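The values are calculated or read from the model by the stated rules, or taken from the named source; none is laboratory data. Computed from a predicted model, the values in this text were never measured in an experiment. We place every Cβ from the backbone using ideal geometry, glycine too, and count neighbours over all the protein chains shown.
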Amino acid sequence: MKRKNIFISGTNTEVGKTFVTLNIIKLLVFKGTKVNPYKPIETGCKEQLSELIPHDSMLFYKAINKRISLNQINPYRFLEPISPAAAIKRSRKKIYIKDYRKKLEDLPSGDITLIEGAGGLCSPLAPDGYNIDLIKRINAPTILVAKDEIGVINNVMLSINMLNKYKIKILAIVLNRKANSQPVGMNNYKEIKSLTKTPLIQILNKKHNNQKEFNKLIKLITA
């Protein structure tokens, strides 16, 4: 299998990017694929013995059985739960989009690199760019994760338009339903399906077995 980069982005923060990324990693590992997780920057880390421990990246690290180091998976981390660009500015460090790309290129060999962004496509990832700027710089096909709630159709269509503007390939849209119940008559899956030809995959919530849905994602990733 030719090594490829896949970017996991979202319509916003807290939409389920890490949940989706983690499940893809676990399934790829199970299938014998050598996957490199990469989360260039993580904020809101916990401090333990003068060391910052990143929550999401630690999950990825364990999921690949610690095959590559945590510092390779997540080279930049900050304590405060704020935007990466704001955290960089407050720390007075010089971290730019090119630095994320360089760390990505330094990862060991593998079949697939899964890159998880921070926040939505236009969330500031560094002083000189957004998530979408990094996606464009590394030319990575993208999986867009959206939270299944009121307003998601607008968020999805705006994100699709932004990705199209930057000429970024959209592999799939993952509609992640976190709530157990929804308003009567609301069917975001059906409505979004009618508005785009991009593959749309619905995940009901964390308590359900989404094996079939994640297998569909794996097929799109490895095609």
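Scanning segment 5-54 for residues that are out of contact with any strand residue (DSSP E or B) (no Cβ under 6 Å at 6 or more places or on another chain), under 18 Å from residue 217 (Cβ atoms) and in a strand (DSSP E or B) yields a count of 0.
Is it the case, given these coordinates, that residue 12 is buried (at least 16 other Cβ atoms within 10 Å of the Cβ) and either of a type in the set (Lys, Arg) or at pLDDT below 95 (or both)?
yes
The single condition from (1) of a type in the set (S, T, N, Q); (2) surrounded by fewer than 19 Cβ atoms within 10 Å (Cβ to Cβ); (3) at pLDDT below 95 that residue 210 fails is (2). Just wondering, is there one or more residues in segment 56-66 that are touching a Phe, Trp or Tyr at 6+ places or on another chain (Cβ under 8 Å) and surrounded by fewer than 23 Cβ atoms within 10 Å (Cβ to Cβ)? Checked against the condition, which is being touching a Phe, Trp or Tyr at 6+ places or on another chain (Cβ under 8 Å) and surrounded by fewer than 23 Cβ atoms within 10 Å (Cβ to Cβ), segment 56-66 yields no hits at all. Taking residues in segment 26-50 that are on the phi > 0 side of the Ramachandran plot, and partners anywhere that are surrounded by 15 or more Cβ atoms within 10 Å (Cβ to Cβ), the pairs with Cβ atoms closer than 8 Å and at least 6 places apart or on different chains are 44/78.
Out of curiosity, is residue 222 touching a Ser or Thr at 6+ places or on another chain (Cβ under 8 Å) and under 23 Å from residue 6 (Cβ atoms)? So residue 222 passes the test. If the condition is being free of Cβ contacts under 8 Å to residues at least 12 places away in the same chain and assigned to a loop (DSSP other than H, G, I, E, B), then segment 55-66 contributes only 66.
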